[in-house]
1. When only residues in segment 115-161 that are over 30 Å from Asp56 (Cβ atoms) and open to solvent by less than 30 Å² (accessible area, probe 1.4 Å) count, which is farthest from the ligand (Cβ to nearest atom)?
2. Go through segment 55-69 and give me each residue that's surrounded by fewer than 17 Cβ atoms within 10 Å (Cβ to Cβ) and charged (D, E, K, R).
3. Would you mind finding the one in Asp74, Asp56 that is under 16 Å from Lys112 (Cα atoms) and either among the hydrophobic types (A, V, I, L, M, F, W, C) or more than 15 Å from the chain's Cα centre (by Cα) (or both)?
4. Of the numbered conditions (1) away from the ligand (no atom under 16 Å from the Cβ); (2) without any contact (Cβ under 8 Å) to a residue 24 or more places away in the chain; (3) open to solvent by 70 Å² or more (accessible area, probe 1.4 Å), Val95 satisfies every one except a single condition; which is it?
5. Would you tally the residues in segment 86-133 being hydroxyl-bearing (Ser, Thr, Tyr) and over 19 Å from the mean Cα position of the chain (by Cα)?
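The values are calculated or read from the model by the stated rules, or taken from the named source; none is laboratory data. These numbers come from a predicted model, not from an experiment. Glycine also receives a Cβ, built like all others from the backbone with ideal geometry; neighbour counts cover every protein chain displayed. Only protein heavy atoms, including side chains, enter the accessible area calculation; ligands, DNA and RNA are left aside. Shrake-Rupley method; radii C 1.70, N 1.55, O 1.52, S 1.80 Å.
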Amino acid sequence: MKAGKDKVIALHYTLTVDGEKVESSHDSGQPLWILLGHGQLIPGLENALQEHAAGDTLQVEIPPADGYGERQEDQIQRVPKKYFHEGNRLKPGMVTVLSLKQGGQRAVTVQKVGMTTIDVDLNHPMAGKTLNFDVAVQEVRDATEEEIQHGHAHPPGTEAH
Ligand SMILES: [Zn+2]
């Protein structure tokens, strides 16, 4: 079976950025399960997986525009410390999670820590980076109706939710 919209794919991957390994599904030993066509993956990786089948391996180089976007220099914001968990322990360069007024959370990078405020970079930590993925496709199957309703894959052993 070939990968495409409304298929579930299981894959192992290693992500390398600027010559350094950033993360790998081999670390946990568990493949990543993804429902294709529902925005679960960055566009460049989703496109690269189209038409691939179990047993395929591929190397994909994804420019920022098809990954996490270009860095935007106007994305630095000064935020009161009270909005951070453990704001006093943060140091420049650390990535932390900030709760947003409009709901939800996002990963931000600490730029500068002041007495009562912290300057954060709202760009995604991988913004502006070229991403190199080594991918090994483990399995491709049709998504269940429930998976399509939920907008994500249910790996083996997923409990009802
Ligand atoms: Zn679900």
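1. Across segment 115-161, the extreme among qualifying residues is Asp119.
2. Asp56, Glu61
3. After applying the criteria, what remains is Asp74.
4. Answer for Val95: the failing condition is (2).
5. Looking only at that region, the number is 2.
Here's the yes/no breakdown for (1) within 28 Å of Lys21 (Cβ to Cβ); (2) modelled with pLDDT of 95 or more; (3) not in a strand (DSSP E or B):
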site	(1), (2), (3)
Asp74	no, no, yes
Val79	no, no, no
Asn88	no, no, yes
Lys91	yes, yes, yes
Thr96	yes, no, no
Gly103	no, no, yes
Val108	yes, no, no
Ala127	yes, no, yes
Asn132	yes, yes, no
